[in-house]
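Readers should treat all values here as calculations from the given coordinates under stated rules, not as data from a laboratory. The structure displayed is predicted, hence computed values, not measured ones. Note: ideal-geometry Cβ built from the backbone for every residue, glycine included; neighbour counts use all protein chains shown.
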Amino acid sequence: MQKKEFSTEIGGKTLTATFSDLTDQANGSVMLKYGETTVLATAVMSSEKREGFDFFPLTVDYEEKFYAAGQILGSKFMRREGRPSDEAILSSRVIDRTIRPLFDSHIRNEIQVVITVLSIDKDDPDILALNASSLAIAVSDIPWNGPVSAVRIGKLKGGDEFMVNPDYEFRRGAELGADFIISGNNGHINMVEGGAEEIEESLTGDIFRKASEEIEKFQEFQNKIVSEIGKEKQIIDKEVVSEETKKIFQEKITPKLKESVFNGKAGKDGIHTLKTEWKEILKADLPDEKMSLAMDLYEDAVNDILHLGAIEEDKRADGRKMNELRELYAQAGGISSVLHGSGIFYRGGTHIFSALTLGAPDDAQIIDGMEIRTEKRFMHHYNFPPFSSGETGRMGGTNRRMIGHGALAERAISAVIPSKEKFPYTIRIVSESMASNGSTSMGSVCGSTLALMDAGVPIKAPVAGIAMGLMMSEDGSRYKVLTDIQGPEDHHGDMDFKVAGTRNGVTAIQMDIKVGGIPIEVLVEALDRAKEARVQILDVIEGEISSPRADISPSAPKILSLKIAVDQIGMVIGPGGKVINGIKADTKVESIAIEDDGMVFITGKNGTAEEAYEIINDMTREYHVGEKFEGEVVRILDFGAVMRIGRTKEGLVHISEIAPFRIEKVSDVLSLGEKVPVIIKEVEDGDKLRLSIKEVDPQFASKKGVKPAPPSEHGSNNRHGSFEQRRGFKRR
């Protein structure tokens with residue numbers, strides 16, 4: 001094997017990049033190792049262009065391998081990797097959004113970047129995968145304007161210190177106030193993905209600056225490698241339209257462009273109408289011209305006019321000001337009493353419906369993947385049916401976009417979800433994009449907040465989200481930040497900067513761009529403008545529903561909880577689950593979940609939870625001297641009576657404790673099934689109860705007409721031996 005290694009220090013650990021002939025058919029590859037986590041990244045470009053494509057055909061695949069974790073994972077019946085996990089898809093998207101802006105968008109050769117996780121230990125493979133992707137492309141002959149570097153920045157709650165690449169162990173044991181993946185180069189940021197616990201905008205800017213410092217260190221490492229072993233880049237000729245096509249475009253389309261783009265309406269309507277007209281002209285006058293090239297000409301012209309309008313004239317496609325939101329509408333509930341909670345949110349032409357369902361604690365999703373093994377009690381899922389964009393298409397299943405948007409909204413809302421101790425329900429929200437014209441993911445955050453409050457979930461604070469855009473001149477000297485971008489501004493703009501949060505601070509950020517990078521100060525300005533917009537949206541949401549409803553929906557299950565001793569868990573479950581299954585069958589309760597620390601969660605409807613709660617509480621409660629109960633006579637003995645208190649607990653009333661005088665026979669005073677007031681007189685061995693009737697009601701026997709019996713020859717009422725002598729008495 002031929003190989004060459006390069007090493008550097010990051011966060012006190014050695015990072016090693018190995019270049020070898022292991023994957024010598026790829027255009028470029030690297031094996032990157034940090035600690036005991038290792039990834040292999042390969043980059044391949046097809047030799048032929050894909051005809052008919054009107055987009056840059058880049059694909060990124062992040063491959064999880066179970067062997068990387070040193071375990072045999074997967075289904076019991078399928079011990080091999082299947083479809084990518086959500087975590088793998090999200091990692092692919094992060095890498096794609098980082099490297100894509102540095103390619104020439106006019107390339108039509110297919111490019112595929114594959115990252116394979118070979119081993120995983122304490123350190124995240126996603127950061128390693130992103131940097132490995134950059135190195136693999138940078139040393140290859142694939143034309144690209146990299147390298148680009150990435151870093152994870154964490155911050156403890158209440159702390160001021162930033163942590164560089166905190167590992168799994170630290171993040172699981174620490175209370176992180178912020179956790180961001182940030183990539184960039186040359187002092188600029190080109191991708192952000194992360195969440196926070198209501199972090200202030202000023203601190204978010206500091207995180208960007210700290211990330212940029214660390215990014216530049218790794219950039220130096222990459223540049224050194226590229227200068228030493230990098231291949232000469234291929235030159236890919238850019239196809240251009242004919243001069244005749246340009247001339248006809250100038251004559252028939254250019255005069256109508258400004259009016260069509262800045263039509264004061266939804267913006268995209270006029271653009272699409274003129275685009276259709278251009279297609280008809282091409283078919284009639286230029287049948288030999290490549291449609292994809294002619295469409296690129298049109299898109300480039302729209303791009304230029306949108307940029308010039310914003311930068312030079314403060315104009316937007318729909319006539320709004322730079323910091324102006326579209327019309328807002330919020331509705332909490334009102335769909336059906338069957339739903340546990342729902343919300344409808346409009347922001348201009350973006351319309352979202354969110355539905356919430358409450359479930360038992362054991363309805364939580366079990367995550368058993370290469371990286372993450374946990375239970376998930378809050379889930380947000382996002383759907384984008386084709387009708388929401390006025391198109392036809394295949395229904396069913398999910399794609400990477402749906403998973404990514406759903407995860408972003410989930411991260412934004414997670415910061416305000418109450419703890420399991422406070423609200424033990426499993427929560428699932430599904431957001432349906434009903435109409436789309438700009439940032440349905442941030443609309444889903446708003447719709448989900450409405451659904452949460454409608455359902456009576458005691459969230460810490462309402463959350464709203466907004467997408468900020470950017471129009472920047474080619475040299476970067478002039479720019480305009482746009483609030484609440486819609487279709488054309490998203491498609492032709494230079495930045496899609498989604499920011500979600502409460503009135504107090506940011507809970508989630510996701511950014512992707514179409515230029516090489518964005519200066520940090522531009523992002524800080526966008527953050528401040530995003531907060532202004534967020535507050536306006538929260539005003540509308542809280543105007544519809546000011547706080548979570550006092551009670552959950554009557555159609556939702558009720559959850560009761562209690563804490564039992566750890567050594568009582570086996571008693572409640574019973575051999576083979578006999579006891580707990582019996583309780584479920586008798587009460588018709590939906591679920592009884594017992595955790596390792598003794599917390600018991602009982603879920604049911606129509607009073608079933610209360611009934612099961614009473615049974616388990618009676619089985620496990622501790623009894624104390626002096627407590628009073630109404631006992632039921634379940635057995636009559638020569639020396640006393642066995643009484644049931646509560647549902648399951650039994651104790652003995654000795655004959656001497658029935659009345660303050662001597663009685664001849666227990667049956668003279670008590671009968672089976674009779675309910676009698678008793679008090680606990682003694683607790684032996686933790687669970688054997690000695691009860692008394694006479695200490696509660698000295699007249700009990702007298703009121704029944706029972707008279708004192710003649711004294712026995714021993715002069716004692718205790719003819720049958722002491723309680724201690726009969727310790728063989730056991731609870732039934």
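Annotations for the structure displayed:
- Exposure proxy for PHE249, PHE55: other Cβ atoms within 10 Å of each Cβ, ordered fewest to most, give PHE55, PHE249.
- Residue list for segment 603-621, given a label point 7 angstrom along the Cα-to-Cβ vector of GLU595 and an amide N cut-off under 15 Å: 603
- Under 10 Å, Cβ to Cβ, from ARG93 - net charge with Lys/Arg +1 and Asp/Glu -1: 0
- Positive-pole candidate from PRO255, PHE423, THR392, dipole of the chain, charges at beta carbon: PHE423
- Under 5 Å, built H, 5+ apart or other chain: amide partners of HIS381: ILE429, VAL430, SER431
- Antiparallel content of DSSP bridges confined to the chain, in %, to 5: 90
- Global geometry of segment 166-240, whether rounded, prolate or oblate, following the gyration tensor of its Cα atoms and the 1.5 cut on a/c: prolate
- With Cα atoms, 0 to 90° folded angle of helix 520-544 axis to the chain main axis: 50
- Residue (of GLY334, ILE520, LEU297) at the positive-pole extreme of the chain, dipole from beta-carbon charges: GLY334
- Cα gyration tensor category, rounded, prolate or oblate, for segment 457-571 with a/c compared to 1.5: prolate
- Angle between the chain longest axis and helix 578-587 axis [Cα atoms, degrees, rounded to 10]: 90
- Three-way shape call for segment 1-139 based on the alpha-carbon gyration tensor, with the a/c threshold at 1.5: oblate
- By the beta-carbon count within 10 Å of each Cβ, the least crowded to most crowded order of VAL117, VAL676, VAL164, fewest first, is VAL164, VAL676, VAL117.
- Relative contact order of segment 243-313: 34 percent, from C-alpha pairs under 8 Å at least 6 residues apart in sequence.
- Sorted peptide list for 276-284, 39-47, criterion being average Cβ within 10 angstrom, highest first: 39-47, 276-284
- Among the listed values [x] 3, 12, 18, 19, 15, 10, 7, 6, 4, 3, 2, 1, 0, 0; [y] 3, 9, 9, 7, 7, 6, 6, 6, 6, 7, 7, 7, 6, 6, 5, 2, 1, 0; [z] 2, 10, 14, 15, 14, 10, 7, 6, 6, 6, 5, 3, 1, 0, 0, the one matching P(r) over Cα pairs in 10 Å bins from 0, in percent as calculated from this structure is [x].
- Nearest 10 degrees, 0 to 90: helix 268-285 Cα axis against the chain principal axis: 40
- Under a model in which nothing but the beta-carbon of Lys, Arg (+1) and Asp, Glu (-1) is charged, the chain shows a dipole of about 3080 debye around its Cα centre.
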